[in-house]
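The values are calculated or read from the model by the stated rules, or taken from the named source; none is laboratory data. Remember, predicted model here, so these are calculated numbers, not experimental data. Reconstructed Cβ throughout: ideal geometry from the backbone, glycine too, with neighbour counts over all protein chains shown. In case anyone asks, the SASA skips ligands and DNA or RNA and just uses the protein heavy atoms, side chains included. Shrake-Rupley method; radii C 1.70, N 1.55, O 1.52, S 1.80 Å.
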Amino acid sequence: MHHLGQTRSSLKPDHLLQTPDTFVRTPLPGAEGVECIVHAAPQLGARFTEMTAEFTAGGALPSTRAQRFLYVLEGKLELRVGRKSHALPPGGFAFLPHTAPHAVRASKASRVVVIEKPYQSQPGAARPEIILGKESKIEGTPLMGDEALMVRTLMPDSPSYDFAVNTMTYAPGAALSQVEIHVMEHGLLMLEGGGIYRLGDCWYPVEAGDFIWMRAYCPQWFGAIGKKPAKYLIYKDWRRHPLEVRSNLEGHSA
Ligand code: UGY
Ligand code: MN
């Protein structure tokens with residue numbers, strides 16, 4: 001169905017709102033039985049990639065030169081690292097350092113968030129390690145003491161890691177307590193519910209399935225609307241000195 005050129009999607013210099021009606025699937029080299037919606041990439045101005053990978057049963061994704069974070073939306077993945085194999089159900093996630101060759105295979109048709117970023121090493125910090133987990137098993141912390149806004153931190157907060165991925169769950173009517181303007185960029189996928197997102201000088205209605213990219217310093221605010229909680233998965237670059245960004249990248253010619 002077409003909408004006579006109408007969409008909620010919007011691209012501005014400091015943000016992208018990408019709604020499912022505008023998603024275009026592309027193949028990736030080495031991937032078999034997988035189509036990717038590339039939400040954020042250097043072509044957009046992002047310093048990471050975020051995609052939704054749609055696997056047919058048996059579909060496979062090879063490793064890349066970058067670090068990789070996987071979050072299963074639907075289906076089931078089998079992740080092989082060396083001789084070990086790990087099953088990732090919906091809500092399951094994994095972090096693979098760029099030094100960990102691995103293979104990802106879908107045990108059944110699956111939809112998976114894939115975030116990739118060249119590693120920015122930090123003198124004195126230990127090498128990053130493989131992380132495996134399940135979002136529902138992570139304890140939530142109220143954001144700035146607000147019990148209506150729970151943050152679950154999926155990556156360890158240590159200098160070994162140069163990005164963070166969190167889920168944020170808003171009770172109906174909950175909102176960020178401030179308009180944020182910060183040096184980190186974000187990739188954000190709405191997982192549940194909806195509300196109003198302020199990005200720059202625009203206010204957008206958003207709902208589950210929408211993707212948002214925010215450039216560094218993009219003014220941002222969210223308020224949840226509706227009778228059920230709103231929840232999103234959010235990426236940010238983290239724990240690196242701003243002057244070091246883009247240099248010191250391992251495995252890539254910067
Ligand atoms: O972590 C964050 O910066 C987060 N509070 N931003 C956001 O939800 N837009
Ligand atoms: Mn933010």
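Summary of computed values
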| quantity | calculated |
| --- | --- |
| Every residue from segment 205-241 that is away from ligand 1 (no atom under 13 Å from the Cβ) and open to solvent by 10 Å² or more (accessible area, probe 1.4 Å) | PRO205, GLU207, ALA208, GLY209, ILE225, GLY226, LYS227, LYS228, PRO229, ARG240, HIS241 |
| Lone qualifier among ALA109, ALA94, ALA164, ALA126 - being modelled with pLDDT of 95 or more, assigned to a strand (DSSP E or B) and farther than 27 Å from PRO42 by Cβ | ALA109 |
| Filter pass, SER177 being on the phi < 0 side of the Ramachandran plot and not in a strand (DSSP E or B) | yes |
| Pairs where the first residue, in segment 232-251, is under 21 Å from GLY140 (Cβ atoms) and part of a loop (DSSP other than H, G, I, E, B) and the second is within 16 Å of ligand 2 (Cβ to nearest atom) and modelled with pLDDT of 95 or more, C-beta under 7 Å, 6+ apart | TRP238/PHE163; TRP238/ALA164; TRP238/MET184 |
| Output for segment 77-117, where each listed residue is among the charged types (D, E, K, R), under 20 Å from PHE48 (Cβ atoms) and buried (at least 17 other Cβ atoms within 10 Å of the Cβ) | GLU116, LYS117 |
| Selection status of THR153, over 26 Å from PRO20 (Cβ atoms) and either within 15 Å of the chain's Cα centre (by Cα) or within 15 Å of ligand 2 (Cβ to nearest atom) (or both) | yes |
| One residue from VAL151, VAL183 being in a loop (DSSP other than H, G, I, E, B), aliphatic (A, V, I, L, M) and within 11 Å of ligand 1 (Cβ to nearest atom) | VAL183 |
| Index of the failed condition, THR22 passing every other in (1) more than 15 Å from the chain's Cα centre (by Cα); (2) surrounded by 20 or more Cβ atoms within 10 Å (Cβ to Cβ) | (2) |
| From the options VAL81, VAL72, residue that is within 25 Å of GLU35 (Cα to Cα), more than 16 Å from ligand 2 (Cβ to nearest atom) and within 16 Å of the chain's Cα centre (by Cα) | VAL72 |
| Candidates THR64, THR56, filtered to the one that is over 22 Å from ARG215 (Cβ atoms), in a strand (DSSP E or B) and in contact with a strand residue (DSSP E or B) (Cβ under 7 Å, 6 or more places away or on another chain) | THR56 |
| Residue satisfying all of: in segment 186-203; surrounded by fewer than 18 Cβ atoms within 10 Å (Cβ to Cβ) and not in a strand (DSSP E or B); farthest from ligand 2 (Cβ to nearest atom) among these | ASP201 |
